[in-house]
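Take a look at the structure set out below.
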Amino acid sequence: MKGIVFTEFLEMVDSCMSPEMTEKLIDQCNLPSGGAYTTVGTYDHAEIIALVGALSRETGMPVSDLVRAFGAHLFSRFVALYPKFFEVEDLFAFLESIDSRVHVDVRKLYPDAELPRVECSRAHDNHLAVHYRSGRAMGDLAEGLISSAIEHFGEDVALERQDLSGGAEQYVRFDLVRRSGS
Ligand code: HEM
């Protein structure tokens with residue numbers, strides 16, 4: 001997993017909780033990296049799971065809530081760091097560009113990136129289905145990112161999630177339906 005995921009996670013804990021909490025998590029987790037991440041480095045995915053688990057124990061908040069909140073934080077950072085990706089017509093066009101453009105460019109920059117599949121299909125003009133599939137089971141992160149995308153584009157959209165995982169991968173289907181009038 002790319003270092004940007006770790007640096008942004010620790011940044012979120014630093015600013016939303018405290019730098020002491022960040023230190024505490026790193027101490028508790030016995031991380032192979034020692035918690036010294038660089039944005040361009042690559043680290044074991046198990047380290048982020050350990051850090052989120054430790055934060056959950058410390059705060060009493062469920063892991064899934066924390067990962068969704070992290071998705072929202074990450075989204076705002078992506079908007080600040082990579083504004084070009086957000087210059088699209090609307091929310092559905094943005095989500096359709098993840099697999100065809102955004103993650104493609106991420107892969108060019110970081111050939112070792114571990115990216116999910118984020119396939120989209122339009123049932124009709126006002127209904128987009130987003131199919132998330134990954135071996136890393138970060139459906140909650142995807143949900144946090146998608147919820148923030150809805151807010152970012154200011155559209156009145158209902159979001160529903162179905163967990164359809166059956167095999168080795170996690171498969172989550174998100175249905176986004178524009179409410180009438182928007
Ligand atoms: C709503 C839109 C997006 C969704 C749903 C999404 C979904 C995800 C998820 C869930 C992951 C974690 C890895 C996995 O599950 O296998 C991931 C990784 C990543 N995504 Fe996206 N993403 C979105 C937008 C973006 C944008 C705008 C960027 C900015 C350039 C981006 C860059 C990355 C990077 C750098 C990683 C880490 C890859 C690694 O750890 O090796 N994503 N994405």
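Some observations on this one:
- Here Asp14, Asp99, Asp90 are screened, and the one residue that is in the same structural domain as Arg133 (by TED's automatic domain parsing) and in contact with a helix residue (DSSP H, G or I) (Cβ under 8 Å, 6 or more places away or on another chain) is Asp90.
- Hits in segment 103-156 (condition: of a type in the set (Ser, Thr, Tyr) and either in a loop (DSSP other than H, G, I, E, B) or more than 7 Å from the ligand (Cβ to nearest atom) (or both)): Tyr110, Ser121, Ser147, Ser148
- Residue pairs whose Cβ atoms lie under 9 Å apart, sitting 6 or more positions apart in sequence or on different chains, and linking a residue in segment 77-90 that is touching a residue at least 40 places away in the same chain (Cβ under 8 Å) to a partner that is assigned to a loop (DSSP other than H, G, I, E, B) and not hydrophobic (A, V, I, L, M, F, W, C), are Asp90/Glu155.
- Here the condition is being among the charged types (D, E, K, R) and closer than 20 Å to Arg77 by Cα; of Glu114, Glu169, it holds for Glu114 alone.
- Of all residues in segment 33-59, those that are free of Cβ contacts under 8 Å to residues at least 60 places away in the same chain and in a helix (DSSP H, G or I) have Cβ atoms under 7 Å from Cβ atoms of residues that are surrounded by fewer than 17 Cβ atoms within 10 Å (Cβ to Cβ) and among the hydroxyl-bearing types (Ser, Thr, Tyr), 6 or more apart or on another chain, in Glu47/Ser33.
- Some residue of segment 55-66 being under 21 Å from Arg133 (Cβ atoms), surrounded by 18 or more Cβ atoms within 10 Å (Cβ to Cβ) and not small (Gly, Ala, Ser): no
The values are calculated or read from the model by the stated rules, or taken from the named source; none is laboratory data. Only a predicted model underlies this, so the values are computations on that prediction, with no experimental measurement involved. Virtual Cβ from ideal backbone geometry, glycine too; neighbours counted across all protein chains shown.
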